[in-house]
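For reference, the structure discussed in these notes is given below.
The values are calculated or read from the model by the stated rules, or taken from the named source; none is laboratory data. Quick caveat, the model's predicted, so the values are computed rather than measured. Note: ideal-geometry Cβ built from the backbone for every residue, glycine included; neighbour counts use all protein chains shown.
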Amino acid sequence: MAISRVFLTPLIVACALFMENMDATVIATSLPAMALDMGENPIALKLAMTSYLVGLAVFIPISGWMADRFGARTVFRTAIGVFMFGSILCGISHTLAEFVASRFFQGMGGAMMVPVGRLVILRTVSKADLVKALSYLTIPALIGPVIGPPLGGFITTYFHWRWIFFINIPISIFGIYLANRFIPNLREEGTVPLDWIGFILSAVGCSCLMFGLASAGRHLVESDVSLIYVVIGSLSFAAYVWHAFHCEHPLLNLRLLSIPTLRMNIYGGSLFRIGIGALPFLLPLLFQLGFGLSPFQSGLLTCVSSIGAMFVKTITTYVLKRFGFRNVLIYNTLFGAASMAAFGALTAETPHIIVGALLLLGGCIRSMQFTSINAIAYADIKPYQMSQATSLTSVAQQLAIGMGVTVGGYVLQVSNRMQGHATIVSSDFWPTFITIAIIAAMALPFAWKLRPDAGEEMTGRRAS
């Protein structure tokens, strides 16, 4: 019985996490081929990436309430089914509008899968075995981004991009089977009522604002329609902020932003994530459209950064204990921004060994930064605030990454038009990398404001 709880439960959740992580990296490598098939500008495919992230941001906050209300097993297996059906819809899409809608639907399933799965682990595994169980869960999170780009590139180069979505079908069926067999249908009694008004306001705000910004440049809708969406989204967000401070149990508790360490995660972390979030969209376009590489070659290059990320995870705890959160976040923000700007200096003649080294270094920096930002968020959070803090940070993370794709795509489009190029060429990219590097560097003041002893209880370090 102990084996089934400590090993089988994380394995089941890992099926969902593997699909979600691999799917996010697979699609980026295949964007130019998708755009060609759909007769669209490759930059327009940023809508496909942002729509998925918006689906996550909208539905993640209610995943815990859904599990408590309807049962963890019911919600978890339904979420896998929704993700699988969304994958099928993506695979049979023929227009950009169909593909964007399918990705949003797929994001609805992804928003429920992993948070509910983590909840099952936390409630079924004893504290003594929790670290071991969560370590099993993190394995697919590390493997997915490594094999995703080359797998997507291989399928796109030698088969067809549609198959990258169909491979989710057998994994989903296996996950549903295991969930039916081994996951208990846990419920929580006495849950607070769902903040329906907050959910509607945040959903409209996220969806309209991100769609309006991502469609700027006459992608899918005209510019005036995009502006209308931006206005509606902004007003909905403003209404939610007012609502959140006047509601007893808000969907996203904005009062937590009074905690400095969490504020660093939300504000500073989001700025850095905007810069990093643009890279999975920009790099495959640079390598394929700018340098003329095949999707498979592009995937092999981009997966190098994930290898660097895996390596750094093994030394992050030591680095944080040695130097402290504040110092790591200050210097790593500068290094991260510099590595983003450096991509703008790459040309088709740059040796692949240098490109790979830059990607490896960037992956190391990104991993260190994300681990530090994610950890510092909970440094001063009380146990009863943990669920609310998790929802707030998860939504901010998805929106920031989506905003990175949006900003990167928009600046690339402006650069392309200002330089008068009929198609996307390598010289269009350097202004984009400089822009996202500047945005990432804007996280520096938030790191600077941290106390020298911030998060010391988490690392066991005592600040001098």
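Which of the residues spanning the stretch 408-448 are in a loop (DSSP other than H, G, I, E, B) and modelled with pLDDT of 90 or more? Break it down into steps so the answer makes sense when it comes.
Residues of the stretch 408-448 in a loop (DSSP other than H, G, I, E, B): 419-425, 429, 442-443.
Within the stretch 408-448, PHE429, MET442, ALA443 meet the criteria.
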Residue that is surrounded by the fewest Cβ atoms within 10 Å (Cβ to Cβ) [pool: residues in the stretch 333-392 that are more than 30 Å from LEU257 (Cα to Cα) and among the β-branched types (Val, Ile, Thr)]
ILE353
Let me confirm something: among LEU262, LEU256, LEU220, which residue is among the hydrophobic types (A, V, I, L, M, F, W, C), more than 17 Å from ALA57 (Cα to Cα), under 25 Å from the mean Cα position of the chain (by Cα) and in a loop (DSSP other than H, G, I, E, B)?
LEU220
Scan the stretch 182-204 residue by residue and report those that are assigned to a helix (DSSP H, G or I), of a type outside the set (Val, Ile, Thr) and free of Cβ contacts under 8 Å to residues at least 12 places away in the same chain.
TRP196
Take the stretch 388-398 and flag every residue that is of a type outside the set (A, V, I, L, M, F, W, C) and over 11 Å from the mean Cα position of the chain (by Cα).
GLN388, THR390, SER391, THR393
Which listed residue is surrounded by 20 or more Cβ atoms within 10 Å (Cβ to Cβ), assigned by TED's automatic domain parsing to the domain that holds ALA440 and farther than 28 Å from ALA348 by Cα, from LEU283, LEU320:
LEU320
Only one residue in ALA348, ALA338, ALA379 is more than 30 Å from LEU252 (Cα to Cα) and modelled with pLDDT under 90. Which one?
ALA348
Quick one: THR25 ticks every box in (1) buried (at least 22 other Cβ atoms within 10 Å of the Cβ); (2) part of a loop (DSSP other than H, G, I, E, B) bar one, so which box is it?
(2)
Restricting to the stretch 40-95, count the residues that are of a type in the set (Val, Ile, Thr), assigned to a helix (DSSP H, G or I) and at pLDDT 90 or above.
4
Looking at (1) surrounded by fewer than 18 Cβ atoms within 10 Å (Cβ to Cβ); (2) aliphatic (A, V, I, L, M); (3) assigned to a loop (DSSP other than H, G, I, E, B), which is the only condition VAL225 fails?
(3)
Identify all residues within the stretch 71-120 that are β-branched (Val, Ile, Thr), crowded, with 22+ Cβ neighbours inside 10 Å and over 29 Å from LEU31 (Cβ atoms); write none if there are none.
VAL75, VAL116, VAL120
Taking ALA179 as the residue in question, decide whether it is over 25 Å from LYS46 (Cβ atoms), small (Gly, Ala, Ser) and not in a loop (DSSP other than H, G, I, E, B).
yes
Which residue is surrounded by the most Cβ atoms within 10 Å (Cβ to Cβ), if the candidates are limited to the stretch 415-451 and must be in contact (Cβ under 8 Å) with a residue 40 or more places away in the chain, of a type in the set (A, V, I, L, M) and farther than 20 Å from ASN327 by Cα?
ILE436
Against the condition outside the structural domain of VAL414 (by TED's automatic domain parsing) and in contact with an Asp or Glu (Cβ under 9 Å, 6 or more places away or on another chain), how does ASP23 come out, does it pass?
no
Hey, among ALA239, ALA214, ALA244, which residue is among the hydrophobic types (A, V, I, L, M, F, W, C), closer than 30 Å to LEU329 by Cβ and free of Cβ contacts under 8 Å to residues at least 60 places away in the same chain?
ALA244
When you go through ILE401, ILE381, ILE373, ILE353 one by one, which is the residue that is in a helix (DSSP H, G or I), of a type outside the set (Gly, Ala, Ser) and either over 30 Å from VAL192 (Cβ atoms) or over 22 Å from the mean Cα position of the chain (by Cα) (or both)?
ILE353
Looking only at the stretch 86-100, count every residue that is more than 10 Å from ALA48 (Cβ to Cβ) and aliphatic (A, V, I, L, M) and tell me the total.
4
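Would you check if there is a residue in the stretch 266-289 being more than 25 Å from GLY362 (Cα to Cα) and of a type in the set (Gly, Ala, Ser)?
No, the stretch 266-289 has no match at all.
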